[in-house]
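Taking it in order: structure first as structure tokens, then the write-up.
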Amino acid sequence: MNRTMIFLIAAAMLTCAGCGAIPYRQYEGLSVGVDVDKAAGLAASHLDPLPEETPKLATIDPRKVIYTASLTIATADPQRSVDRTRQLAEQLGGYMQQMTNDAIVVRVPAESFDKAMAALAEIGTIIDRQVTARDVTDEYTDQATRLRNSRALLAKLEGLLEKATAVEDALAIERQIARVQTEIEQLEGKLNSLSSRVSYATLTISFVPSQEIPASMKLRLPFWWLSRLGLAELMSF
């Protein structure tokens, strides 16, 4: 492989080092006794700098937060409550992800998370509730930066491939292109997953019959005669 082509490939990969690429010395077929630092310095003059029009991802606003909730709710009719919860999710612009006779997993737009929680509290008595809000802004920024750099590296490699005249050079560049393309697909998948979880909160709700409410959770009714009606009857009104 001629030394000029080696220098150009080395510089392209070093230019995009932030994308998580394997160090140059580990690239199969490219470490043929060439000093990496000298190659990078010499080749840098042949390559244009990366474009600066991409906005700084560190300033992403608002912050990206993943909301999840897990609830156990006592109700007079668990199966009916499952159906009501599915309808609630659809009304809020969400959807049902998984459902059984007495449990359901729904996803609702993040901006409707509080509305969904308030509406679920009206379906029955909440026995247990766990809510988490995980800030993934830094993770998202890191993945987005790696993706941007990987795409820039891919463009550089494709440019070098067009200029390659030796078969050995072309094959070496194509191996690196295939590796970078795989990395781009993986990064795109991670970003899509993060974006989906940020955009839609996940709520997991389990329903139990009202009679299974622990004694400590039972309501203290203001009038003695209300207890004769039964909790299930009261909740069905």
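The values are calculated or read from the model by the stated rules, or taken from the named source; none is laboratory data. Keep in mind the model is a prediction, meaning the values are calculated, not measured. Cβ sites come from the backbone with ideal geometry, for glycine too, and all protein chains shown count toward neighbours.
Before moving on, here are some points about what is shown:
- Which listed residue, of Glu183, Glu174, is more than 27 Å from Met96 (Cα to Cα) and modelled with pLDDT of 95 or more: Glu183
- Where strands (runs of 3 or more DSSP E) fall entirely within the stretch 46-123, those with at least 1 residues that are modelled with pLDDT of 95 or more and either outside the structural domain of Ser206 (by TED's automatic domain parsing) or closer than 30 Å to Arg148 by Cβ (or both) are at 65-75, 103-109.
- Verdict on Gln211 being exposed (fewer than 15 other Cβ atoms within 10 Å of the Cβ) and either among the hydroxyl-bearing types (Ser, Thr, Tyr) or closer than 30 Å to Ser70 by Cα (or both): yes
- Only listed residue being surrounded by fewer than 15 Cβ atoms within 10 Å (Cβ to Cβ), aliphatic (A, V, I, L, M), at negative phi and touching a Phe, Trp or Tyr at 6+ places or on another chain (Cβ under 8 Å), chosen from Ala110, Ala133, Ala121: Ala133
- Matching residues, the stretch 82-95, being touching a strand residue (DSSP E or B) at 6+ places or on another chain (Cβ under 6 Å), under 14 Å from Ala201 (Cβ atoms) and buried (at least 17 other Cβ atoms within 10 Å of the Cβ): Thr85, Ala89, Leu92, Gly94
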